[in-house]
There are 2 protein chains.
Amino acid sequence: MGVDSKLKTLIVIGHPNIQDSRTQQFFKEAVQTFENVTFFDATAGLEIEKAQQLMVDHQRIILQFPLYWYSCPACLKDWLDQILSLSGIEETLANKELGLVVSLGVKSSEFQAGGREKFTLSELMRPFEAIANKFNMSYLPIFSLSNLSYLTEIETKQALIKYQQYVSMEKSFSFEISEQWHLEQLLKIQKNHPKFEEKIQMLIEEIEENRDELSTLEHSLKEMKEE
Amino acid sequence: MGVDSKLKTLIVIGHPNIQDSRTQQFFKEAVQTFENVTFFDATAGLEIEKAQQLMVDHQRIILQFPLYWYSCPACLKDWLDQILSLSGIEETLANKELGLVVSLGVKSSEFQAGGREKFTLSELMRPFEAIANKFNMSYLPIFSLSNLSYLTEIETKQALIKYQQYVSMEKSFSFEISEQWHLEQLLKIQKNHPKFEEKIQMLIEEIEENRDELSTLEHSLKEMKEE
C-alpha cells in the first residue's frame, strides 16, 4: 500500500543552463531513485507534442525554475506559450496538479511585505495560479529554495527530504501520510543497503510504536470531546 | 507652457506579430503626431544596448503587450531578462516611470475576484511592479484595453484619448493638468487643420470660461471651509 506508488510526477525544468546549476543538480540527485518521477527539459527544442504526451501520463506536473525578474526565465515562458495553446490541452490538464519549484538568488525572508523584495512568492506567482485556475488544475503550495550556499548542512538535508516529499507525496500532507511516506523511504533504503538493515528495522519499529501510541491518544481525545 | 512638452516616453512593444495586430496599429496611430513618443520593437533582434541608450533619453518607459497566459509574451520576457541584467541598468532606470499597456483577449470585468479570471490585473502584473520596486522606478497605474471588437465606437474613441494621455500626460492626473492637456491637443489640431479653426477657437474659449467658473467655485468652497 504505497503512498507514492501510484502518483506519477512530471518535472518540467526551465533553466537556461541546467548543466551548470548546482541547485538543479541537487534536485535531480534527490529523486534519482524515484521510479515515478520524470524530468523534462523545456529548453530541449521543439518537443512540444512529446511534452503533451508526457503530461497525459502524469498526475502531478511541476514547473521547476530559478526566479528570473520575479517570474520564470523566458525559455520556460516560451514553452508555456506554446504548450498551453495546443489543441486538446484543456483535456490533458484538467483535474491534474500544478506545482512550482522555485530557486531563489536571495533569502526567502526578503519576499514579504517590508522585506527587500516587498511581495510574497505567492503574489509574484499569481500568473501560474491563474493558469491552474484556467485549466481546472489543483494548485500546490509553492516549493522554494534559497541559494544552497546560504544553507547549513542540516538545512540542506531538510530541503532534500522536503523536495522528495513535494515531488512524490500525496497532496493531503496529513501526519499519517507523511509517516507512511517516511516508512516507505526507509524500506527502500533497507532494500538497497542491506548493511543498514538492523538500524532501519529499529527505526521502523519505533515509528510503528509511536503510531500505536498516537492512535491511543487520538482515541482518548475523541472520547473526551464526545463527553 | 506645455504639459507634455518635456516628458519623453519610450514604448517598448513585446508582440510576436506586431504587423498583424489591429490593437497595436490602433495604439500607434493614436500617437503618431506626438513628437516625444518613441516606439521600440523588443523582438527586433539584438538591439539591447540601443534600447538601453533609448531608456537613458526617456523619462517614461512603457511596456506594451498582449496578455499571454497572464503575463507578457515570451519574446518580451526574453528582452527583459537581457536588458535588466546589463551593467549600469540600475542608474539608467532609477527615478524613471514604468507603465504597462496590456491588451486583453477577454472583457476586463473578468479580471476580479468572482470573475472568470479570478485575479485582478494589478495582482497578475506583480512581477512588473516588483521590477519597478527593484529599480526605484515609479510604477504607473496599468492601462488595459479589451479586444477592440468588444468596444462601441464611442468607447473606442474614449480609449484613444485615454491612451494618448497615458503616454504623454504628467503623472499627477489632476483635473488641471488634464484640462491643460486637452487645450494643447486642440491647439495642435488647430495648427494642423486650419479649416476647423473657428470651431476649435470656440471650444478653447468655452474651456477657459469653464476654468474661470471653476476657480470661482473653488475659491467659494475654500472660504466656506475656513469659516
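The values are calculated or read from the model by the stated rules, or taken from the named source; none is laboratory data. Since the structure is predicted, the reported quantities are computational estimates derived from the model, not experimental observations. Methodologically, a virtual Cβ is constructed for each residue, glycine included, from the backbone with ideal geometry; neighbour enumeration extends over all protein chains shown.
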statement: Just one listed residue, out of A:ASN136, A:ASN192, is loosely packed, with under 15 Cβ neighbours inside 10 Å, on the phi > 0 side of the Ramachandran plot, touching a residue at least 12 places away in the same chain (Cβ under 8 Å) and of a type outside the set (Ser, Thr, Tyr), and it is A:ASN136
- prompt: What about B:SER87, is it at pLDDT below 95, in the same structural domain as B:HIS58 (by TED's automatic domain parsing) and surrounded by fewer than 19 Cβ atoms within 10 Å (Cβ to Cβ)?
  reply: yes
task: Quick one: in the stretch B:165-205, of everything that is among the aromatic types (Phe, Trp, Tyr) and either under 23 Å from B:LEU10 (Cβ atoms) or not in a helix (DSSP H, G or I) (or both), which residue is farthest from the chain's Cα centre (by Cα)?
output: B:TRP181
- request: Scan (1) among the aliphatic types (A, V, I, L, M); (2) under 14 Å from B:SER144 (Cα atoms); (3) more than 14 Å from chain A (Cβ to nearest Cβ) for the single condition B:MET55 breaks and write down its number.
  value: (2)
task: From the list B:LEU104, B:LEU100, B:LEU54, B:LEU63, pick out the single residue that is surrounded by 15 or more Cβ atoms within 10 Å (Cβ to Cβ), in contact with a strand residue (DSSP E or B) (Cβ under 9 Å, 6 or more places away or on another chain) and either farther than 19 Å from B:ILE161 by Cα or outside the structural domain of B:GLY14 (by TED's automatic domain parsing) (or both).
output: B:LEU54
statement: Of (1) without any contact (Cβ under 8 Å) to a residue 24 or more places away in the chain; (2) assigned by TED's automatic domain parsing to the domain that holds B:GLU29; (3) among the polar types (S, T, N, Q); (4) closer than 30 Å to B:GLU208 by Cα, B:GLN164 fails just (1)
field: Residue in the stretch B:26-37 that is within 20 Å of the chain's Cα centre (by Cα), surrounded by 16 or more Cβ atoms within 10 Å (Cβ to Cβ), assigned to a strand (DSSP E or B) and of a type outside the set (Ser, Thr, Tyr) present
entry: yes
message: Being within 14 Å of chain B (Cβ to nearest Cβ), within 29 Å of A:LYS6 (Cβ to Cβ) and either β-branched (Val, Ile, Thr) or outside any loop (DSSP other than H, G, I, E, B) (or both): is that true of A:SER122 here?
response: yes
- line: Residues in the stretch A:125-158 that are more than 12 Å from every other protein chain (Cβ to nearest Cβ) and of a type in the set (D, E, K, R) total 3
statement: Inside the stretch A:62-100, the number of residues satisfying the requirement of being of a type in the set (Lys, Arg) and facing chain B (nearest Cβ under 8 Å) is 1
